[in-house]
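J.: Structure incoming, see below.
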Amino acid sequence: MSDLLEVDNLRISARNDDDELTPIVKGVSFTVARGEVVALIGESGSGKTTIALSSLGYTKPGLEFTGGEVRLHGEDVISMDSDQLRGLRGQRVAYLAQSAAATFNPALTIGEQVTETCVLHGILTQEEADVRAQTLYRALELPDPDKLGKRYPHQVSGGQLQRLMAATALCGKPDLLVLDEPTTALDVTTQIEVLKAFKSVIKQEGAAAIYVTHDLSVVAQIADHIVVLYAGEIQEYGTAEQVVEKPSHDYTRRLMHAVRPPPAAGQGDETTGEHHREAPALEVKDLLAGYGRIQNGLPAITVLRDVNVAIERGHSVGIIGESGCGKSTLARVMAGLLPAAEGQVLLDGKELKPALEQRKREELQKIQFVFQMADTALNPRQRIDNILGRPLEFYLGLKGDEKRRRIGELLDMVELPQEFAGRYPEELS
């Protein structure tokens, strides 16, 4: 099996305001054969996305290529001019981003968006592209492929949107796909289904793929080979079975340990009788919730019915289920983002108003929501210190040095450098 892509001694550096270069990617080499999926694995900031984007001849602002080659069919994409890169991107190499919801235009039908690129590039006529799209819908095991193209993005599930993003990338018959954590926001069951569909279609199409991820628990479902990265350097490189089942490097073993931690001491211990006598920190009673106009006491689409949950103070409760089962809907009801049709949400034994705008400031402060996708949750036009500072000022009244000190403490808590406060979301991994 010949190599489609060869990454040879790739080096990428960041240039600061003093015109000094800091190495980000340090002499990375690997190959990708046709029909093969190679996974780049590592923690945030390890350089995996930066390396993957090099196959498009692209670096993020502030970064630059400082050495090595990235050869597609023997041609170095790093040395290509702008005209050559336009012919490369979207045609020979296609990119799948993390957030399908942010990728699709809500005002256009799915069919219009899946076929747009290959028609604009002159690869297929509109009629040919429509037939090609339906073929991909079937290959990716999407429901109702004959009518799917007429729907809008909000009319399909998150897992289906991810598959449609793959259909969009594959429509123009590219040689290489770059999959940048495309299933991060999905539950594990749906991730595995989507990844298996991706791998099957990649092999059918005779293409190849680079799969960027931090999650070793699902990577074996799609990868043929795995490249383990840390601080821009390869720590381990081998077959998926070898790396997952018999890791040779200590860093890889630590990644595996993070995925499969040993049982915590005292796990499953009963709480004390005194704790049981306290009101739950948060409780949901007899919940009925869904979407659309409520008629005869029922929403147009009922998602949750007769749901009861109690969360004791000091405890964590996991809400688990497949895509579309109502996990996020329940969380939205708790936070007041989606008013329930029936039932109660109680905070420390006191009933909360169903809608966010009806709740008091101190009630809003006590229930905070962490969204699935950071890239769509953070305002791209605001610096990190402004984003973190708004709730500190709104809820706690912090200003000036006191607010800046607390922002620094929060960054320390999540093990990020304090200088990140002055950056924009797009400047973070």
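Every read-out reported here was derived from the displayed coordinates using simple, explicitly stated rules and does not represent laboratory data. Being a predicted model, the structure only gives us computed values, none of them experimental. Here the Cβ is made from the backbone with ideal geometry for all residues, glycine too, and neighbour counts use every protein chain on show.
J.: Report ³J(HN,Hα) in whole Hz for each residue of the stretch 2-11, in order, from the Karplus equation J = 6.51 cos²θ - 1.76 cosθ + 1.60 where θ = phi - 60°; Gly and Pro get x.
T.: My calculation for the stretch 2-11 gives 6, 7, 7, 10, 10, 9, 10, 6, 5, 10 Hz in order.
J.: Go through (1) 22.4; (2) 24.4; (3) 23.1 and flag the label whose value is the computed Kirkwood radius over Cα pairs in Å for this structure.
T.: (2)
J.: Please report, largest first and rounded to whole Å, the three semi-axes of the ellipsoid equivalent to the stretch 3-259, where each semi-axis is the square root of five times an eigenvalue of the C-alpha gyration tensor.
T.: 30, 22, 16
J.: Taking the Cα centre of each part, how many Å lie between the stretch 373-429 and the stretch 10-24?
T.: With the stretch 373-429 and the stretch 10-24 each reduced to a Cα centre, they are spaced 25 Å.
J.: For the stretch 139-179, just the Cα atoms, rotate onto the principal axes and tell me the three extents in Å, largest first.
T.: Computed over the Cα atoms, the extents are 30, 19, 16 Å.
J.: Okay, moving on. Where does the charge balance sit around Val414 when Lys and Arg score +1, Asp and Glu -1, over other residues with C-beta under 15 Å from its C-beta?
T.: With Lys, Arg at +1 and Asp, Glu at -1, the net is -4.
J.: Over the alpha-carbon set of the stretch 378-427, divide Rg by the Kirkwood Rh and report the Rg/Rh ratio to two decimals.
T.: 0.95
J.: Can you give the Rg to Rh ratio of the stretch 274-374, both from alpha-carbon atoms, with Rh computed by the Kirkwood formula?
T.: Answer for the stretch 274-374: 0.96.
J.: For Ala279, project a label point 7 Å along Cα to C-beta. Then give me every residue of the stretch 331-353 with its amide nitrogen under 13 Å of that point.
T.: The answer is 345-353.
J.: More than 18 angstrom separation, counting every C-alpha pair in the stretch 125-219; what % is that?
T.: Numbers: 1951 of 4465 pairs.
Across the stretch 125-219, Cα pairs with separations above 18 Å total 44 percent.
J.: Taking 7 Å along the Cα-to-C-beta vector as the label spot, tell me the Arg15-Glu362 distance in nanometres, rounded to one decimal.
T.: Roughly 5.5 nm, to one decimal.
J.: Testing the spin-label approximation: label points 7 Å from Cα along Cα→Cβ at Gln126 and Leu346. State their distance in nm.
T.: 5.9 nm
J.: For every other residue with a beta carbon closer than 13 angstrom to the beta carbon of Gly397, add +1 if it is Lys or Arg and -1 if Asp or Glu, then tell me the sum.
T.: So the surrounding residues net to +2.
J.: Identify the residues of the stretch 19-51 with backbone N under 15 Å of a label point that sits 7 angstrom from the Cα of Ala258 along the Cα-to-Cβ direction, or state none.
T.: 40-49
J.: Can I ask one more? When the chain is fully extended, how far beyond the present Cα-Cα distance does Met80 get from Asp144, taking 0.36 nm per residue of separation?
T.: Difference between extended and current length: 18.9 nm.
J.: So for the pair Ala310, Ser2, with labels modelled 7 Å out along Cα→Cβ, what separation do we get in nm?
T.: Calculated label separation equals 6.8 nm.
J.: Next question, about the same structure. Mind jotting down the distance between the C-alpha centroids of the stretch 280-305 and the stretch 129-189, whole Å?
T.: Cα centroid to Cα centroid, the span is 30 Å.
J.: Considering the zone a paramagnetic label at Ala97 would reach in this model (a point 7 Å from Cα along the Cα-to-Cβ line), which residues of the stretch 12-51 have amide N under 18 Å from it?
T.: 49-51
J.: Return the Cα extents of the stretch 151-201 along principal axes one, two and three, sorted largest first, each rounded to a whole Å.
T.: 28, 25, 18
J.: Using 0.36 nm times the number of residues separating Lys173 and Thr239, minus their current alpha carbon distance, what extension gain do you get?
T.: 21.1 nm
J.: Treating cross-link reach as a plain straight distance, find the lysines whose alpha-carbon is under 30 Å from the alpha-carbon of Lys173, omitting any fewer than eight places away in the same chain.
T.: Lys48, Lys60, Lys147, Lys150, Lys196, Lys199, Lys203
J.: Related question: Just round it to a whole percent: the fraction of Cα-Cα distances in the stretch 1-135 exceeding 21 Å.
T.: 53 percent
J.: Just the number, please: percent antiparallel of the DSSP beta bridges in the chain, rounded to the nearest 5. Could the numbers behind the result be given before it?
T.: Details: 43 of 62 bridges.
That works out to approximately 70 percent antiparallel.
J.: Given +1 on the Cβ of Lys and Arg, -1 on the Cβ of Asp and Glu, and no further charges, what dipole in debye does the stretch 378-427 carry about its Cα centre, rounded to the nearest 20?
T.: Values: 9 positive and 10 negative charges, 55 e Å.
It works out to roughly 260 debye.
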